[in-house]
């Protein structure tokens, strides 16, 4: 005879494995620090590309004024200002990435812990039967 609770649990486990479980397994294969460092490295690349695009668009927008004043301006201080803005941008970007990655890792571990508890519960159904 079918045990309704066992069928519901098996359906829930199968659904988890096909959807959320794949993502959580990828996250849980890393140690917390390793996962966060990988995400920070990806974020550093993305932040650099984003800053380059934003800076390029700003330069195109203000190109006429820049070209008129290029010989009058101090290029060293201009480059220093751009570098300062870049560092601020990257630090904020990385801080947000750190918080988000730590939260994602925590949620994935918690989700997998619940999944393993449900697997133990399912296993107990089979042990009780014998």
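The numbers here are math on the coordinates, done by the rules we state, and not lab data. The structure presented is a predicted model; accordingly, all values stated were derived computationally and were not measured. Every residue, glycine among them, receives a Cβ derived from its backbone with ideal geometry; neighbour counts consider all protein chains shown.
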In degrees rounded to 10, the 0-90 angle between helix 75-129 Cα long axis and the longest Cα principal axis of the chain is 0
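Can you check how the C-alpha radius of gyration of the range 34-98 compares to 2.2 N^0.38 Å, as a plain ratio? Please list the in-between numbers first.
Numbers: Rg = 14.9 Å, N = 65, 2.2 N^0.38 = 10.7 Å.
After normalising by residue count via 2.2 N^0.38 Å, the value is 1.39.
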For 90, 27, ascending order of other Cβ atoms within 10 Å (fewest first) is 90, 27
To the nearest 0.05, the calculated FRET efficiency linking residue 41 and residue 107 through their beta-carbon distance, R0 being 25 Å, is 0.75
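Relative contact order for the chain: what percent, with Cα pairs under 8 Å and sequence separation of 6 or more? Can you show the working numbers first?
Details: 50 pairs, mean separation 69.7, N = 130.
RCO, the chain: 54 percent.
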Here the Kirkwood hydrodynamic radius of the range 76-118, Cα-based and in Å, equals 12.8
If N is the residue count of the chain, its Cα Rg over 2.2 N^0.38 Å rounds to 1.84
Simple SL model, points at 7 angstrom along Cα→Cβ for residue 3 and residue 50; separation in nm is 5.0
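What list do you get for 43, 123, 111 if you sort them by fewest beta carbons within 10 Å? All intermediate terms of the calculation are to be shown ahead of the outcome.
On the way: 43 20, 123 10, 111 17.
With the fewest neighbours first, 43, 123, 111 line up as 123, 111, 43.
Which FRET efficiency value, to the nearest 0.05, do you get for residue 75 and residue 98 by plugging their Cβ-Cβ distance into 1/(1 + (r/R0)^6) with R0 = 30 Å? Before the final figure, lay out the partial values.
Numbers: r = 34 Å, r/R0 = 1.14.
E(calc), rounded to 0.05, equals 0.30.
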